[in-house]
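Participant: Questions regarding the structure given below will be posed in turn.
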Amino acid sequence: MNCIVLKSLFLPLAILFTLTCSAQEDFSWWVEKHNWDGVTPWNQYMTISSAYMGPNALPVPEIKNGLIDSAASVNISYDYYKNTGDMTQDFYLKGTLPLFKNRISIELNAVPIEWYKMDTITRDERAVRTKSGEGSAGGDIYVSTCVQIIKNKKFPDLMLRFALRTASGTHLRDARYTDAPGYFIDVSFGKSIFTKDKFIKEIRFYGDGGLYTYQTYDLQNLQNDCFLYGGGICLNTKKLSWINCIGGYSGYLDNGDKPIVYRSELRMLNPMHDFAIAYENGLQDYPYQKFRFSYIFHIPTARIFKKMDL
């Protein structure tokens, strides 16, 4: 009787153990490919930089134009990234809330999900641990506070931004996100020229500079401090806005940490919602082209904050 009881208890445990072992991924191919020494953590074989990660891991931040957005909005975008060895698609969300008569604004943006597929060359170059090189991942969350320092003076408009990146991104093992926090702080400035042209009403020149910092897994350099920079021009008509800018950041590790990108966005302006198409091309240490399609909904917050004087 005791033997029967023991067998009835042991058999389910044995089956569960067998299923668990069989479900674990076989990393023998990775061990052989990267000559693992059996001791060093696997993330030490990865290069944490924009040149060797997914497109959303360490992107160049948005280049600001010196002004806080005048209206609260929600941006919903679809992105398609073109790369020889890494094809990625994602959804991008951004929310903007100006406060205190547009003197301060809060911004929240994230990539809730991305889908990717890498070829074997890119997979091995990045020391990716998923043999198929494909899957899906959730992205980091960025929280930014913008402060309008100067506005509508003889001097250029001036705005300070501080942004914090959470470590919410997943799939470090596939080089999609760093699984570590980061932040950047910058000052942007801009000046508008209003024309008498019947078509182009405003030409705005702007620039941006600051510090971009992120964590690495390099035991000799646990943090990369980068100089953040950028500049551009915006042409505005009554119904259209066209932005062209170049920006990037320059790290000191020299491991593919000096990305430079060119961006262009054409936006159709409406009182309640905008539509935009955008293009981004990596010029250095960012091996991607991006095509973005966006819907921006403006939230009428004036009545809500009127009594609060926000």
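Participant: What lysines could a cross-link reach from LYS33, if we take a straight Cα to Cα line under 25 Å and drop same-chain neighbours fewer than 8 places away?
Facilitator: List returned: LYS117, LYS131.
Participant: Roughly how many nanometres apart are two label points built 7 Å out from the Cα toward the Cβ at VAL143 and PHE199?
Facilitator: 4.6
Participant: Starting from 0.36 nm per residue, how many nanometres of slack lie between ASN244 and ILE113 once their C-alpha separation is accounted for?
Facilitator: 44.4 nm is the gain from fully extending ASN244 to ILE113.
Participant: Convex hull over the Cα atoms of the stretch 218-293, averaged projected area in nm²?
Facilitator: 6.4
Participant: Further question: For the stretch 218-257, which chymotrypsin sites (Phe, Trp or Tyr not before Pro) are both in a DSSP coil and crowded by at most 16 other Cβ atoms within 10 Å?
Facilitator: Filter output for the stretch 218-257: TYR252.
Participant: Compute for the stretch 116-184: radius of gyration divided by Kirkwood radius, i.e. Rg/Rh, restricted to C-alpha atoms, rounded to two decimals. Don't jump to the answer; show the numbers that get you there.
Facilitator: Details: Rg = 18.7 Å, Rh = 14.7 Å.
Rg/Rh: 1.27.
Participant: For a quick check of your reading of the filter: which trypsin sites (Lys or Arg not before Pro) in the stretch 242-299 sit in a DSSP loop and have no more than 16 other Cβ atoms within 10 Å?
Facilitator: none
Participant: Relative to the longest principal axis of the chain, what angle (0 to 90°, nearest 10) does the C-alpha long axis of helix 2-23 take?
Facilitator: On a 0 to 90 degree scale, this one is about 40.
Participant: Over all distinct alpha-carbon pairs, what is the Kirkwood Rh of the stretch 27-306 in angstrom?
Facilitator: 19.9
Participant: For the chain, build the charge dipole from Cβ charges (+1 Lys, Arg; -1 Asp, Glu) around the Cα centre, then report which of GLN89, PRO271, LEU158 sits farthest towards its positive end.
Facilitator: Result: PRO271.
Participant: List the pairs from LYS191/LYS239; LYS64/LYS153; LYS94/LYS154; LYS82/LYS239 whose alpha-carbon separation is above 24 Å, in the order I gave them.
Facilitator: Going by Cα-Cα distance, LYS94/LYS154; LYS82/LYS239 fall outside the 24 Å limit.
Participant: Could you tell me the relative contact order of the chain? Use alpha-carbon pairs under 8 Å, at least six residues apart, and round to a whole percent.
Facilitator: Relative contact order for the chain comes out at 17 percent.
Participant: While we're looking at this one, here's another question. Using helices alone, what [θ] at 222 nm do you get for the chain, with -39,500 (n - 2.57) per DSSP H run of 4 or more residues, divided over all residues and rounded to the nearest 500?
Facilitator: -3500 deg cm²/dmol
Participant: Which ordering of TRP42, TRP115 is given by a fewest-first count of other beta-carbon atoms within 10 Å?
Facilitator: TRP115, TRP42
Participant: Right, next: Quick check: pseudo-label points 7 Å beyond the Cα along Cα→Cβ at MET87 and SER168, how many nm apart are they?
Facilitator: So the two model labels end up 2.9 nm from each other.
Participant: In debye, nearest 20: dipole of the chain around its Cα centre with unit charges on the Cβ of K, R (+) and D, E (-)?
Facilitator: The dipole of the chain has a size of about 1780 debye.
Laboratory data are not the source of any read-out in this text; all were calculated from the coordinates shown. Remember, predicted model here, so these are calculated numbers, not experimental data. Positions of Cβ are backbone-derived with ideal geometry, glycine not excepted, and every protein chain shown enters the neighbour counts.
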